[in-house]
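Participant: Before anything else, here's the structure in question.
The values are calculated or read from the model by the stated rules, or taken from the named source; none is laboratory data. As the structure is a computational prediction, the values presented were derived from the model and not from experiment. Glycine also receives a Cβ, built like all others from the backbone with ideal geometry; neighbour counts cover every protein chain displayed.
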Amino acid sequence: QKEVEQDPGPLSVPEGAIVSLNCTYSNSAFQYFMWYRQYSRKGPELLMYTYSSGNKEDGRFTAQVDKSSKYISLFIRDSQPSDSATYLCAMSAYNDYKLSFGAGTTVTVRA
Amino acid sequence: DAGVTQSPTHLIKTRGQQVTLRCSPKSGHDTVSWYQQALGQGPQFIFQYYEEEERQRGNFPDRFSGHQFPNYSSELNVNALLLGDSALYLCASSGTSGRGTDTQYFGPGTRLTVL
């Protein structure tokens, strides 16, 4: 079993729809949770950073963390064609220096 | 403010050869981490360098080695290349702690193809 599981999709939605992405994890030591966006043949770009359980909102993006269920989510409201990318969840423990990533979900927003 | 830069952009090598990839961290950062991203997969942690020392290493063989220079830039060396080493190699920089508390910013990557 992988430490971080993420459905690779692909996910295709019409413009304006809500995109829902999620990851599950097995390591209870994870406390820091991130979502990165990666365009084709580019490096990952940080979208959201959250600590412990709860919600965080930034513009059209909302990140949710449920540590009791070991489950994190990212919601994208009013999706745009420019949101078409691969979305990677990543997480880390306090005394760990590495990020553990999911496999990434490929999202296409159709105009 | 320059972000993380990596060179070269693309590289083609043959099996058995050696390769060196380079990374310059974001301004103000002194910690550099390297990741390998195979096609269709998430990045896998190779190692992290801080104060010119390898601070943590992932599950990669000794063929993968690195170095950090006094100006905080870093190199990743891979010896005896295998076909399976073909991947996007990402460099990430972060602040001094380098822990999960610090955000890691990624460069554009070097795409290595081993023939």
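Participant: Out of (1) farther than 23 Å from A:Thr86 by Cβ; (2) small (Gly, Ala, Ser); (3) at pLDDT below 95; (4) surrounded by fewer than 22 Cβ atoms within 10 Å (Cβ to Cβ), the odd one out for B:Gly40 is which?
Facilitator: (1) is the only condition that B:Gly40 fails.
Participant: Given (1) surrounded by fewer than 20 Cβ atoms within 10 Å (Cβ to Cβ); (2) in contact with a Pro (Cβ under 9 Å, 6 or more places away or on another chain), identify the lone condition not met by B:Tyr50.
Facilitator: Just one mismatch for B:Tyr50, condition (2).
Participant: Return the residues of the stretch B:27-75 that are hydroxyl-bearing (Ser, Thr, Tyr), in contact with a Ser or Thr (Cβ under 8 Å, 6 or more places away or on another chain) and within 13 Å of chain A (Cβ to nearest Cβ); say none if nothing qualifies.
Facilitator: B:Thr31, B:Ser33, B:Tyr49, B:Tyr50 - these are the residues of the stretch B:27-75 that are hydroxyl-bearing (Ser, Thr, Tyr), in contact with a Ser or Thr (Cβ under 8 Å, 6 or more places away or on another chain) and within 13 Å of chain A (Cβ to nearest Cβ).
Participant: I'm told A:Met91 meets every condition in (1) within 14 Å of chain B (Cβ to nearest Cβ); (2) part of a loop (DSSP other than H, G, I, E, B); (3) not basic (Lys, Arg) except one. Can you identify the failing condition by its number?
Facilitator: (2)
Participant: Which residue pairs have Cβ atoms closer than 8 Å, lie 6 or more positions apart in sequence or on different chains, and pair a first residue in the stretch A:82-111 that is surrounded by fewer than 18 Cβ atoms within 10 Å (Cβ to Cβ) with a second residue that is among the polar types (S, T, N, Q) and part of a loop (DSSP other than H, G, I, E, B)?
Facilitator: Close Cβ pairs (under 8 Å, with a partner that is among the polar types (S, T, N, Q) and part of a loop (DSSP other than H, G, I, E, B)) amount to A:Ala93/A:Asn27; A:Tyr94/B:Thr101; A:Thr108/A:Ser84.
Participant: Being within 19 Å of A:Asp66 (Cβ to Cβ), assigned to a loop (DSSP other than H, G, I, E, B) and away from chain B (no Cβ under 11 Å) is the filter here, so list the residues in the stretch A:15-36 that pass it.
Facilitator: Step one: list which residues in the stretch A:15-36 are within 19 Å of A:Asp66 (Cβ to Cβ), which gives A:18-35.
With assigned to a loop (DSSP other than H, G, I, E, B) added as a condition, the list becomes A:18, A:26-29.
Within the stretch A:15-36, A:Ile18, A:Ser26, A:Asn27, A:Ser28 qualify.
Participant: In addition: Of everything in the stretch A:37-49, what is without any contact (Cβ under 8 Å) to a residue 60 or more places away in the chain and part of a strand (DSSP E or B)? Give them in sequence order. It would help to see each step written out before you state the result.
Facilitator: We begin by selecting, within the stretch A:37-49, every residue without any contact (Cβ under 8 Å) to a residue 60 or more places away in the chain; these are A:37, A:39-49.
Result: A:Arg37, A:Glu45, A:Leu46, A:Leu47, A:Met48, A:Tyr49.
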